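Trainee: First the structure, which I've put down as C-alpha cells, then a few questions once you've had a look.
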C-alpha cells in the first residue's frame, strides 16, 4: 500500500520590520523581534555596530544614502528608526515609492527639528518653555533680557545627550554661544531656563489603528546632559500630575500622527506645572526599565505598533524599578567585562544586565542595569533610595570595576 502524503499546512510568513540605525536601540528591538518569531532587518554603518552583531539580516550603508535606505526597506512591512537623523527629503521619497515609514515623515520631523516641534506644540496648546528663533545675536540678546538672562541655546537639528545645548547664566554668555553657532552656519533657537524640580518622561505608544498605550511616568536623572538613571514610577508624583503627563503624551501622539513609541521628555517646574522639553519617536533611554519592570517592554511595543498589532499591557511588575546606565570609565579597567559580570552576579544575582556590545570609552553608553523591586521593597523614599543605591552600585562596578561601598569581592564572606 502506497502511503498518501499529508497536505502541507499553509503558514503565513512573518512580517519583516526594517530599522534604520544599528545602535543599541536596534539591538534590543531585535531581541524583542526574536520573541515574536521575527527577524529585525537593520541598516548599520559598520558590521561591528551593536545591532549588526546580533541580527542575521543586515544592510551596510549610511542613513543619508537613498540606495541603502531603499535596499533595507525592500519587502519590509514597515521601516522604522533607531535614531531620528534620516534627512526628511529622503523619507518623503521613500513614502512616494510606497514604503510604509513608521513613524511617517510628517510626524518624525517634530523629533528632528526643535523649532518645528516648538511651533507645532504651541499651536496645539501643549505647555512649552518660552522660545524664539535666532537669526542674529540681537535676537538672543533681546530674548535673554526679556526672560531675565538665564536661557538655553539649542541647535535646531542634530543635538542629543547634551550635545548641541548650551546653558547660559546671563545675556553675555548667551550671545557668545550664539555667535559661535552662527559663525559655523548652525541654525539655533533660544528658550528660557526653566525653574524645575526635576525631569520626567511620559512614554506612550500609538498604532496606525489609533490605539494608544501609556507606561507609568518616570523620573530621569541627568548628568552632563546624559541620562544616568531612571526611576519608575516617578517618586512623589501625584496621581493627577501623572495622569496629566500620560494624557499629554497620548494627545501628542495622536495629533502628530505618531506610529510606534513616543517619549515626551518633560520638566516638572518648581510650581508643579509640566512643560515639554523634547520628543523622541522611537524606543528611548527613559524606557529601558520596561525590559524587566513592565509586562510589555518598549521594544516589543514598538514592533507591535509599527505592525499595527494590538498593543501590549504596560502595567509595572513591581512598585519600583530603577534603571542605571553603564557609562565608560575615564580609564578602561584591567579586569575584563566577563570577570566584572562574574563578580556582579555573585554579589547581586537579582540585577538584570543589558550590555550593548560596544568597545569601552570614557562616557560611552555601554549598557544598562535594571533593579526591579521585590515583594518586600517599599515605594517610599527610603525604599526608593535603597534601590537607587543598588542600581548605581551595579552600574558603577560594571564600568569601573570598583564597588561604590568599597566592598572587596575577593575577601568578603557574602
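The values are calculated or read from the model by the stated rules, or taken from the named source; none is laboratory data. Remember, it's a predicted structure, so these values are computed and weren't measured experimentally. Cβ: placed from backbone, ideal geometry, glycine included. Neighbour counts: every protein chain shown.
Trainee: Which of (1) under 20 Å from the mean Cα position of the chain (by Cα); (2) under 30 Å from residue 307 (Cβ atoms); (3) exposed (fewer than 14 other Cβ atoms within 10 Å of the Cβ) is the odd one out, the single condition residue 98 does not satisfy?
Mentor: Among (1) under 20 Å from the mean Cα position of the chain (by Cα); (2) under 30 Å from residue 307 (Cβ atoms); (3) exposed (fewer than 14 other Cβ atoms within 10 Å of the Cβ), residue 98 violates only (1).
Trainee: Within the range 101-135, can you find the residues that are touching a residue at least 40 places away in the same chain (Cβ under 8 Å) and over 27 Å from residue 273 (Cβ atoms)?
Mentor: Passing the criteria: 102, 103, 104, 106, 108.
Trainee: In addition: Any idea which residue in the range 71-88 is nearest to residue 49 (Cα to Cα), counting only those that are in a helix (DSSP H, G or I) and modelled with pLDDT of 95 or more?
Mentor: 72
Trainee: Given the structure, is residue 337 touching a residue at least 12 places away in the same chain (Cβ under 8 Å) and surrounded by 18 or more Cβ atoms within 10 Å (Cβ to Cβ)?
Mentor: Values: touching a residue at least 12 places away in the same chain (Cβ under 8 Å): yes; surrounded by 18 or more Cβ atoms within 10 Å (Cβ to Cβ): no.
In short, no.
Trainee: Shifting gears a bit: Residue check, residue 142 against (1) within 22 Å of the chain's Cα centre (by Cα); (2) outside the structural domain of residue 370 (by TED's automatic domain parsing); (3) modelled with pLDDT under 95, all met but one. Which one?
Mentor: The single condition residue 142 does not satisfy is (1).
Residue-by-condition table, conditions (1) in contact with a strand residue (DSSP E or B) (Cβ under 7 Å, 6 or more places away or on another chain); (2) outside the structural domain of residue 302 (by TED's automatic domain parsing); (3) surrounded by 15 or more Cβ atoms within 10 Å (Cβ to Cβ):
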| site | (1), (2), (3) |
| --- | --- |
| 44 | yes, yes, yes |
| 47 | yes, yes, no |
| 68 | yes, yes, yes |
| 72 | yes, yes, yes |
| 90 | no, yes, yes |
| 112 | no, yes, yes |
